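Scroll down for the structure; my scribbles are underneath it.
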Amino acid sequence: MQLQSLVAVDIGNSRLKLGRFDRESGLHAGLPEPVETLAIPLAERRAEFDVAGLADWLSEHVAPGTPIVIGSVSKPATTALVEFLDEFDDGAWNNVRQLAGGDFALENRTQQPERVGIDRLAAALAAGAIRRADTPAIVIDFGTAITVDLLSAEGAFQGGAILPGVGTSAEALHARTDALPAVYVPMEGKSPPAVGTDTASAIHAGLYWGAVGAVRELIARQRDSLVAPPQVFVTGSTSPDMARLLGAPDYTVRYLPHLVLAGLALAAG
């Protein structure tokens, strides 16, 4: 598998994630592996980010004129990024293409295919490229929202489930109650005890293990609709340890941190 040199940009609701792919990019689990990556938090209004950090990264790791392909679920952040690229260094990096649903070589069987998030399609395309032939796949992405999507044995995108991410749930608890504090709930590190000994650790336990339980149940329900066991792929703001908690005897789980970026790179060709 060989790609043109490009930068893939995954614009979510809380972060910009960038990956530089080269013709010499290695493969990780059968997918193109970004040579350099960068994640930049988005401000609450989703149109502000660390401009200086992005400028430094581009200057150090990306040759001027390199194609930049964008997959976005945030119009304000996309507008801000494109405006930055127009102005930065006289537009030296303004070789931008915004991907749409039609750019993904993926049959979309949902009722409103034009409304499916680009991030979901990118992750599904990447998973479809490495799944075993004639084997269904379930693709899970942990982010501002958690998505649990199904690919048929033929490789068609069937749809899936969307639920709040743990950070979103934590923010809602704080915003909609008088006494519950704002709590950061990391999904990347060690699993917390199921019994919290103070309010913050109780919220951490509830949201972490609640997410594990919800995703496991969705996998099981989607598995019930299939003739053969699926392959399960996990990506996003989580960890291999978290992915292992989602496993079961009749299917395998693989954690691939750059699944969406790889899918964007594949769609761009």
Selection count, region 208-261, where residues are part of a helix (DSSP H, G or I) and among the β-branched types (Val, Ile, Thr): 4
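Yes or no, residue by residue, for (1) among the small types (Gly, Ala, Ser); (2) over 19 Å from Leu150 (Cα atoms):
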| site | (1), (2) |
| --- | --- |
| Val185 | no, yes |
| Trp209 | no, yes |
| Ile219 | no, no |
| Gly269 | yes, yes |
Restricting region 225-245 to residues that are among the β-branched types (Val, Ile, Thr) and touching a strand residue (DSSP E or B) at 6+ places or on another chain (Cβ under 8 Å), the residue that is farthest from Val139 (Cα to Cα): Thr238
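Would you say Leu3 is within 20 Å of the chain's Cα centre (by Cα) and either at pLDDT below 90 or not basic (Lys, Arg) (or both)? Even if it seems obvious, please write down each step before you answer.
Working: within 20 Å of the chain's Cα centre (by Cα): no; either at pLDDT below 90 or not basic (Lys, Arg) (or both): yes.
In short, no.
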Ala200 small (Gly, Ala, Ser) and within 19 Å of Asp119 (Cβ to Cβ): no
Of residues in region 45-61 being under 22 Å from Ile118 (Cβ atoms) and modelled with pLDDT under 95, the one nearest to the chain's Cα centre (by Cα): Arg46
Conditions (1) surrounded by 19 or more Cβ atoms within 10 Å (Cβ to Cβ); (2) modelled with pLDDT under 90; number of the one not met by Leu27: (1)
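Looking for whichever is within 16 Å of Gly71 (Cβ to Cβ) and either small (Gly, Ala, Ser) or in contact with a strand residue (DSSP E or B) (Cβ under 6 Å, 6 or more places away or on another chain) (or both) here; the options are Val148, Val116, Val139. Which one fits? Steps first, please.
Numbers: Val148 fails: within 16 Å of Gly71 (Cβ to Cβ); Val116 fails: either small (Gly, Ala, Ser) or in contact with a strand residue (DSSP E or B) (Cβ under 6 Å, 6 or more places away or on another chain) (or both).
Just a single option satisfies the conditions, and that option is Val139.
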Residue that is of a type in the set (Asp, Glu) and touching an Asp or Glu at 6+ places or on another chain (Cβ under 8 Å), where the choices are Glu154, Glu87, Glu171: Glu154
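The values are calculated or read from the model by the stated rules, or taken from the named source; none is laboratory data. Here the structure is a predicted model, which means the values were calculated and not measured. Positions of Cβ are backbone-derived with ideal geometry, glycine not excepted, and every protein chain shown enters the neighbour counts.
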